[in-house]
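Engineer: Sharing a structure below in structure tokens format, with a few things to ask.
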Amino acid sequence: MNFWETFGLVFHSFRTNKLRAFLTLLGVIIGVTTVITVVSIVRGMNRYVISTITQAGSNTFRIDRFGIITSRDDWLEAIRRKDLTTDDLEAVRESCGLCSEVGGFSIVPSFINETFVTVSAGRESIEDPRVFGVTANYVEIANREITNGRNLTESEVQHAAPSAVIGYEIARNLFPNLDPVGKTLSINGRHFRIVGALKKYGTIFGENQDTVIGIPVTAFQKVFGRREPVFIMVKVDDGARMNEAQDQARVVLRGRHHRRTGDDDGFTIMTTDNLIQLWRSFSAGAFAAMIGIASIALVVGGIVIMNIMLVSVVERTSEIGLRKAMGARPRDIRRQFLLESVILAATGGMIGVLLGAAAAKLVSMLSPMPSSLEAGPVMMGLFLASSVGLVSGMWPAIKAAKLDPIVALRTE
Amino acid sequence: MIIRTKNLTKAYQMGAEEVKALKGVDLEIQKGDYVAIMGPSGSGKSTLMNLIGCLDTPSSGEYWLNDRAVNTMTEDELARVRNEEVGFVFQSFHLLPRYTALENVQLPLVYSNTDREQRLERAKQALEAVDLADRMGHRPNQLSGGQRQRVAIARALINRPSILLADEPTGNLDTATGQEILALFDRLHQSGNTIILVTHESDVAVHARRAIHLRDGKIERDQINEKTIAAS
């Protein structure tokens, strides 16, 4: 009984009993599909996230009240904290020697954004714009590029000038086929003159980067009030002294907020390293969950395969007897059933790989999450499935090999 | 001498009781002989057939098949002997239902590691020898009972065994078809095959040159069929 004959045998029984074959393989299919889907998505996202996070440059950091909120406790802690203000920003700029550029921005909190912010020009208006109050150096620190016109100037920011820099989609929607520079738009009824337009950036982490409008932070406070929190952005030219620069900024802010020794900061400093670490711990969680689901599915799949192989041994008792009478050694019988079990499970594995690849593709088509199907996980999926087949085929195969040919031949 | 047994016994454990199926059988069968083993059920003829066919090992005594001591062989060695020395024909044919006649006939060659081309060639010849050249691609359920048994006989002969061991080969066939099969056995005997036929029907046994009657695990009678020999 060679490989291809066994292969043919297994596929013949698939054809004659499709439902049973499908149910038999369901566990393995689910297990392998999970592995392939999650690995593809996580790998794709890894690349995407890391390239996105590092886009702003690895030598910048951000200071704000919230930091990264991953739990209810974090949230409760953050809402007790005081907002940072433009005065805090100025203080860091004054006193942090290692900070080469200190800038910042304010935004309208997204939960009131839709109701309270209206942006229009002539008869065109924009849904869901994101209005930023920024310092003049914001564009440089955030590593954004202006394709048309110019950036906001220091003097415009100082004098709360009604000037604006707009994102790609804002420009396209308000002024289709026109150069937006020099035109005016209105934000909550106030007029702003457009001085520059940004490059197209697309959607990053679910936020559309092309619906932004940057106005001087001073003008922003006139429109939305002085109470909106400020996010401080710092760029450090000497990358080796990032930690020192952060410490300087920390000392300045702690002093201004009257924190005593032993108190926490009351604000959070975020670097790209923090973000990458956060992402890694999140994706490690996804991996762990995947391993959990996949191993449960594979164990269940293995038990089902073992069960069906035991049924198959009983059904084919007379065949086993005949093969033994024709000169099959116990090891020939054992190999036949083991091979059958492995082929069965590997088929489930292949179906799982196809479904997993399709699922990953679907996810990346329907959402901004990219996916990447690589040879490694595919091999791993097939290997896992085959191992399941090997392990769960062991007992049925040994049982078949041990059958007494006389008894087996008597069975009809 | 193709088969020689000395004081062969076989005992089974049936629950707490020990059943002695064979109680010392001394038997010699010549190459080219055609022997019927007869006896009522429970006489031990199936047990003797299993021992002769190397499907089972004796509890005591000795058995030489083609001058090799079989009673001391391991399971793997027995498998090899079954493959090379014994051709089995069963009452219920025992063909694999998913395989064609041609594939069924090749089965013993699969276990003797014969290469594919040679297997096919020999399987065709074997089917031609039993007049089934036109049924090679048929599956068992597309064949009549007599045709199925002829496929089984072709399979039994494909590895050129020392003995052809047939267990009630006509038991599942009507009389006319049974006679066809027995005529085929006669032909095979004439061309030099050694045949051992296990049966309880005397009109089947008359085809053999020699009839061995078993009763209660022992040979009761061992006689030459003078008439059969005279008729040929």
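The values are calculated or read from the model by the stated rules, or taken from the named source; none is laboratory data. All figures in this text were calculated on a predicted structure; none of them were measured in a lab. Cβ: placed from backbone, ideal geometry, glycine included. Neighbour counts: every protein chain shown.
Engineer: Condition first: of a type outside the set (Phe, Trp, Tyr), farther than 17 Å from A:Glu340 by Cβ and under 44 Å from the mean Cα position of the chain (by Cα). Now tell me which residues in segment A:383-412 satisfy that.
Structural biologist: A:Leu384
Engineer: Taking the condition assigned to a helix (DSSP H, G or I) and of a type outside the set (Lys, Arg), does A:Phe192 pass? Outline the logic, then answer.
Structural biologist: Details: assigned to a helix (DSSP H, G or I): no; of a type outside the set (Lys, Arg): yes.
Spelling it out, it is not the case that A:Phe192 is assigned to a helix (DSSP H, G or I) and of a type outside the set (Lys, Arg).
Engineer: Which residues, counting only those in segment A:252-268, are touching a residue at least 24 places away in the same chain (Cβ under 8 Å) and over 16 Å from A:Ser100 (Cβ atoms)? Give the steps one after another, and end with the answer.
Structural biologist: Kept after step one, since they are touching a residue at least 24 places away in the same chain (Cβ under 8 Å), are these residues of segment A:252-268: A:252-253, A:256-257, A:266-268.
Hits for segment A:252-268 are A:Leu253, A:Arg256, A:His257, A:Gly266, A:Phe267, A:Thr268.
Engineer: Okay, moving on. Test A:Asp83 against the criterion of being in contact (Cβ under 8 Å) with a residue 40 or more places away in the chain and surrounded by fewer than 17 Cβ atoms within 10 Å (Cβ to Cβ), and give yes or no.
Structural biologist: Working: in contact (Cβ under 8 Å) with a residue 40 or more places away in the chain: yes; surrounded by fewer than 17 Cβ atoms within 10 Å (Cβ to Cβ): yes.
When the stated conditions are applied, A:Asp83 passes them.
Engineer: Here is a follow-up. So how many residues does segment A:195-225 have that are part of a helix (DSSP H, G or I) and surrounded by 17 or more Cβ atoms within 10 Å (Cβ to Cβ)? Working first, answer last.
Structural biologist: Step one: list which residues in segment A:195-225 are part of a helix (DSSP H, G or I), which gives A:217-224.
After this cut, where a residue has to be surrounded by 17 or more Cβ atoms within 10 Å (Cβ to Cβ) as well, the list is A:217-221, A:223-224.
Looking only at that region, the number is 7.
Engineer: For segment A:384-398, indicate whether the set of residues that are assigned by TED's automatic domain parsing to the domain that holds A:Thr34, within 27 Å of B:Asp56 (Cβ to Cβ), at pLDDT 90 or above and touching a helix residue (DSSP H, G or I) at 6+ places or on another chain (Cβ under 6 Å) is non-empty.
Structural biologist: yes
Engineer: Restricting attention to strands (runs of 3 or more DSSP E) lying wholly within segment A:58-172, give those where 3 or more residues are touching a Gly at 6+ places or on another chain (Cβ under 7 Å). Write out each step before concluding.
Structural biologist: Numbers: elements: A:60-64, A:101-107, A:119-121, A:124-126, A:130-134, A:146-149, A:163-166.
Passing ranges, in order: A:146-149.
Engineer: Let me ask you something else. Could you tell me which residue of segment B:103-132 is nearest to the other protein chains (Cβ to nearest Cβ), considering only residues that are surrounded by fewer than 19 Cβ atoms within 10 Å (Cβ to Cβ) and within 20 Å of A:Arg335 (Cα to Cα)?
Structural biologist: B:Ser112
Engineer: Based on what the data block shows, is A:Ile269 within 30 Å of A:Asn243 (Cα to Cα), hydrophobic (A, V, I, L, M, F, W, C) and either surrounded by 15 or more Cβ atoms within 10 Å (Cβ to Cβ) or modelled with pLDDT of 85 or more (or both)?
Structural biologist: Values: within 30 Å of A:Asn243 (Cα to Cα): yes; hydrophobic (A, V, I, L, M, F, W, C): yes; either surrounded by 15 or more Cβ atoms within 10 Å (Cβ to Cβ) or modelled with pLDDT of 85 or more (or both): yes.
So A:Ile269 passes the test.
Engineer: Here's something else I'd like to know. Based on what the data block shows, is B:Tyr63 buried (at least 22 other Cβ atoms within 10 Å of the Cβ) and touching a Lys or Arg at 6+ places or on another chain (Cβ under 8 Å)? Before the answer, list the steps.
Structural biologist: Values: buried (at least 22 other Cβ atoms within 10 Å of the Cβ): yes; touching a Lys or Arg at 6+ places or on another chain (Cβ under 8 Å): yes.
Answer is yes for this residue.
Engineer: From the list A:Ala288, A:Ala325, A:Ala245, which one is surrounded by fewer than 19 Cβ atoms within 10 Å (Cβ to Cβ) and either in the same structural domain as A:Ile36 (by TED's automatic domain parsing) or modelled with pLDDT of 85 or more (or both)?
Structural biologist: Working: A:Ala325 fails: surrounded by fewer than 19 Cβ atoms within 10 Å (Cβ to Cβ); A:Ala245 fails: surrounded by fewer than 19 Cβ atoms within 10 Å (Cβ to Cβ).
From the options A:Ala288, A:Ala325, A:Ala245, the qualifying one is A:Ala288.
This table checks each residue for (1) without any contact (Cβ under 8 Å) to a residue 40 or more places away in the chain; (2) more than 14 Å from every other protein chain (Cβ to nearest Cβ); (3) under 14 Å from A:Ala346 (Cα atoms); (4) of a type in the set (Lys, Arg).
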{"site": "A:Trp4", "(1), (2), (3), (4)": "yes, no, no, no"}
{"site": "A:Leu9", "(1), (2), (3), (4)": "no, no, no, no"}
{"site": "A:Phe14", "(1), (2), (3), (4)": "no, no, yes, no"}
{"site": "A:Val32", "(1), (2), (3), (4)": "no, yes, yes, no"}
{"site": "A:Val42", "(1), (2), (3), (4)": "no, yes, no, no"}
{"site": "A:Met45", "(1), (2), (3), (4)": "no, yes, no, no"}
{"site": "A:Val49", "(1), (2), (3), (4)": "no, yes, no, no"}
{"site": "A:Thr60", "(1), (2), (3), (4)": "no, yes, no, no"}
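Engineer: Answer with yes or no whether B:Asp56 is of a type in the set (Asp, Glu) and within 14 Å of another protein chain (Cβ to nearest Cβ). So that I can check it myself, show each step before the final result.
Structural biologist: Values: of a type in the set (Asp, Glu): yes; within 14 Å of another protein chain (Cβ to nearest Cβ): yes.
Criteria met by B:Asp56.
Engineer: Additional query: Could you look through segment B:80-102, keep only residues that are among the aliphatic types (A, V, I, L, M) and under 23 Å from A:Leu9 (Cα atoms), and pick out the one that is nearest to the other protein chains (Cβ to nearest Cβ)?
Structural biologist: Restricting attention to segment B:80-102, the residues satisfying the condition of being among the aliphatic types (A, V, I, L, M) are B:81, B:86, B:89, B:95-96, B:101-102.
From what is left, the residues that are under 23 Å from A:Leu9 (Cα atoms) are B:95-96, B:101-102.
On the way: B:Leu95: 8, B:Leu96: 6, B:Ala101: 15, B:Leu102: 13 Å.
The selected residue is B:Leu96.
Okay, residues lined up against (1) assigned to a helix (DSSP H, G or I); (2) under 13 Å from B:Tyr99 (Cα atoms):
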{"site": "B:Thr114", "(1), (2)": "no, no"}
{"site": "B:Gln118", "(1), (2)": "yes, no"}
{"site": "B:Gln125", "(1), (2)": "yes, no"}
{"site": "B:Asp131", "(1), (2)": "no, no"}
{"site": "B:Gly137", "(1), (2)": "no, yes"}
{"site": "B:Gly146", "(1), (2)": "yes, no"}
{"site": "B:Val151", "(1), (2)": "yes, yes"}
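Engineer: Still on this structure, please answer the following. So, B:Tyr12, is that one away from chain A (no Cβ under 14 Å), of a type in the set (Phe, Trp, Tyr) and in a strand (DSSP E or B) or not? Give the derivation first.
Structural biologist: On the way: away from chain A (no Cβ under 14 Å): no; of a type in the set (Phe, Trp, Tyr): yes; in a strand (DSSP E or B): yes.
Judged against the criteria, B:Tyr12 is not a match.
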